[in-house]
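Have a look at the structure below before the remarks.
The values are calculated or read from the model by the stated rules, or taken from the named source; none is laboratory data. Since the structure is predicted, the reported quantities are computational estimates derived from the model, not experimental observations. Cβ: placed from backbone, ideal geometry, glycine included. Neighbour counts: every protein chain shown.
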Amino acid sequence: MALRRKLFTLAAAAVAVGGIGLLLAQREYKSGIVFPEPPVVTPAAVDKPGGPPSDATVLFDGTKATFEKHFKNAEKWETDEKNGWATVKGSDVETKESFGDMQLHVEFATPEKVDPKQTGQGRGNSGVYIMGRYEVQILDSYENKTYFDGQCGALYKQQPPMVNACRKPGEWQTYDIIWEAPKFDADGKVTKPAVCTVLHNGVCVQNHFELKGGTYFDQPAKYVKHAEKAPFRLQNHGNPMRFRNIWVRELKPIVGKEPEKKPEEKKDGE
Ligand code: MG
């Protein structure tokens, strides 16, 4: 019995020593790629959700001055500085700056008073025309039916939103759009389609959707070669939509440097 216990203790000790040895032999994996340090960005205060992070370009902060500085035709819209919003009037507005890959935050409200004669596409219609060509639809889709690939959160006539996350008419709503611009070769052929993710009121309604081309009312989607960066528009569709708190961040991936390969050591006799 004593011998058996001794043998058991010895076996247990051998397993423990082996385990420690294995642990010591394990090395941490490191890719060797040298990355630059990601810049520090201060996000919006916790009690101000939707506010611009420190590296955002604020395109509209409720003042006429910022609105007109960043958008063509902003003077045609009615800016209410006291309340910090602008109401659609007269024409689309278009950014003076051009954007490629970006994170875009837009807040909007469809008219509170609903005209019962206005239904479907006629109620609370606007849109974010990214690069002037690709529309993320804005519509009052709260208890207002229309074709699904034309309701709020749709990539117009290409893809309905996964869910209908609309708030009631008159309530403020948010879009957070992550956009990857398409790429073209010298002949105008698409080498990488545009990709779009949309959060509507914090709810993901488009998840990395690959666009089939520009969005049109009267023809199928198609790509037409354009610059790497382009302005975006907010649509005037004849409804007195309100907008506020618009900001954008350009998206640039962190690019690492591969380590230099050491020349292979020569073996004896070579
Ligand atoms: Mg529209």
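Only one residue in Asp115, Asp176 is under 21 Å from the mean Cα position of the chain (by Cα) and within 21 Å of Arg242 (Cα to Cα), so which one is that? Spell out the reasoning first.
Values: Asp115 fails: under 21 Å from the mean Cα position of the chain (by Cα).
It is Asp176.
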| task | Please tell me if Tyr147 is among the aromatic types (Phe, Trp, Tyr) and closer than 26 Å to Ala86 by Cβ. | result | no
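Does Ala65 count as in a helix (DSSP H, G or I) and modelled with pLDDT under 95? Reasoning before the result, please.
Details: in a helix (DSSP H, G or I): yes; modelled with pLDDT under 95: no.
Considered against the rule, which asks whether it is in a helix (DSSP H, G or I) and modelled with pLDDT under 95, Ala65 comes out as no.
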| Residue within the stretch 239-260 that is surrounded by 14 or more Cβ atoms within 10 Å (Cβ to Cβ), within 16 Å of the ligand (Cβ to nearest atom) and of a type in the set (Phe, Trp, Tyr) present | yes
| field | Condition broken by His105, with the remaining ones in (1) buried (at least 21 other Cβ atoms within 10 Å of the Cβ); (2) touching a residue at least 60 places away in the same chain (Cβ under 8 Å); (3) under 24 Å from Cys166 (Cα atoms); (4) within 16 Å of the ligand (Cβ to nearest atom) satisfied | value | (4)
| note | By residue number, the members of the stretch 120-137 that are more than 6 Å from the ligand (Cβ to nearest atom), crowded, with 24+ Cβ neighbours inside 10 Å and over 14 Å from Ala221 (Cα atoms) are Gly124, Ile130
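Scan Lys212, Lys229 and give me the residue that is more than 30 Å from Gly51 (Cα to Cα), at pLDDT 95 or above and either under 22 Å from the mean Cα position of the chain (by Cα) or crowded, with 17+ Cβ neighbours inside 10 Å (or both). So that I can check it myself, show each step before the final result.
On the way: Lys229 fails: more than 30 Å from Gly51 (Cα to Cα).
Testing whether each residue is more than 30 Å from Gly51 (Cα to Cα), at pLDDT 95 or above and either under 22 Å from the mean Cα position of the chain (by Cα) or crowded, with 17+ Cβ neighbours inside 10 Å (or both) leaves just Lys212.
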| message | Restricting to the stretch 221-231, give me the number of residues that are more than 15 Å from Lys157 (Cβ to Cβ) and either among the polar types (S, T, N, Q) or part of a strand (DSSP E or B) (or both). | response | 1
| query | For the stretch 138-168, which residues satisfy the criterion of being farther than 27 Å from Lys96 by Cβ, of a type in the set (Ser, Thr, Tyr) and either within 10 Å of the ligand (Cβ to nearest atom) or crowded, with 21+ Cβ neighbours inside 10 Å (or both)? | reply | Ser141
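How many residues does the stretch 186-240 hold that are of a type in the set (Ser, Thr, Tyr) and within 25 Å of Thr174 (Cα to Cα)?
3
Quick check: anything in the stretch 254-267 within 25 Å of Phe60 (Cβ to Cβ), of a type outside the set (Val, Ile, Thr), at pLDDT 95 or above and touching a strand residue (DSSP E or B) at 6+ places or on another chain (Cβ under 8 Å)?
First, the residues of the stretch 254-267 that are within 25 Å of Phe60 (Cβ to Cβ): none.
No, there is no match, as no residue in the stretch 254-267 is within 25 Å of Phe60 (Cβ to Cβ), of a type outside the set (Val, Ile, Thr), at pLDDT 95 or above and touching a strand residue (DSSP E or B) at 6+ places or on another chain (Cβ under 8 Å).
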| query | If Tyr223 passes every condition in (1) touching a Gly at 6+ places or on another chain (Cβ under 6 Å); (2) of a type in the set (Ser, Thr, Tyr); (3) surrounded by fewer than 17 Cβ atoms within 10 Å (Cβ to Cβ) but one, which one does it miss? | reply | (3)
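Taking Asp187 as the residue in question, decide whether it is closer than 25 Å to Glu228 by Cβ and more than 16 Å from the ligand (Cβ to nearest atom). Write out each step before concluding.
Details: closer than 25 Å to Glu228 by Cβ: yes; more than 16 Å from the ligand (Cβ to nearest atom): yes.
Here the answer is yes, as Asp187 does meet what is asked.
Residue by residue, here is whether (1) surrounded by 14 or more Cβ atoms within 10 Å (Cβ to Cβ); (2) assigned to a loop (DSSP other than H, G, I, E, B); (3) in contact with a helix residue (DSSP H, G or I) (Cβ under 9 Å, 6 or more places away or on another chain) holds:
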{"position": "Thr191", "(1), (2), (3)": "no, no, no"}
{"position": "Cys204", "(1), (2), (3)": "yes, no, no"}
{"position": "Asn207", "(1), (2), (3)": "no, no, no"}
{"position": "Gln219", "(1), (2), (3)": "no, yes, no"}
| task | Please specify each residue of the stretch 43-91 satisfying the condition of being in contact with a strand residue (DSSP E or B) (Cβ under 6 Å, 6 or more places away or on another chain), more than 20 Å from Gly132 (Cβ to Cβ) and of a type in the set (Ser, Thr, Tyr). | result | Thr66, Thr79, Thr87
